[in-house]
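Notes to accompany the following structure.
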Amino acid sequence: MAVQSDGNPVETTTKGLDEEIKKKKKTILREVPPSDVKYVMSYKPESAESFKVEMPEKVVCKMPGFVESFCADMAVLAEMAERCDPIMLEKQKNYRQQLKTYGKVFYEVEVDDDYKEEGAPLQDQPGGRRRHRPGVIKTQAGQTKKLN
């Protein structure tokens, strides 16, 4: 809090600054790449039994540390698959519905209001080939002129 010269506190507000900093957002639709659609649509949920592996007795006796870490890794994989299955099945359902209605799959992206599309031409880029030519200048009319 700021203080005036006579010792009284002065309240400062940043409300106006906050409003200027916050930009308006808009959502645009982007197409999901076909490879991602193929990956999601071909996903099949794994059962917990597929992560259980029987180890031969010889391996357990010779490498107990390896077997222990392998079993721990498989338990982590089973847990990850258990968490991932509902998400992927929901995505499949959403993708199927979009493919049925639109023939394509889209996702939403939130961008600033002043966002320009990728295909829009840039204003600051010069057109054509640029190269250094000593002793030659270009005039305002676009003609070349020799200096010597």
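Read the figures in this text as sums done on the coordinates, not as results from a lab. No experiment lies behind these values; they were computed from the predicted model shown. We place every Cβ from the backbone using ideal geometry, glycine too, and count neighbours over all the protein chains shown.
You can think of it this way: the chain between A48 and K24 has 4.0 nm of extra reach, that is 0.36 nm per residue less the Cα-Cα gap. Label separation (A141 vs V76): 7.4 nm, computed from points 7 Å beyond Cα along the C-beta direction. For segment 63-107, pairs of C-alpha atoms spaced more than 12 angstrom apart make up 69 percent of the total. Using the alpha carbons alone, the radius of gyration of segment 22-111 stands to its Kirkwood radius in an Rg to Rh ratio of 1.24.
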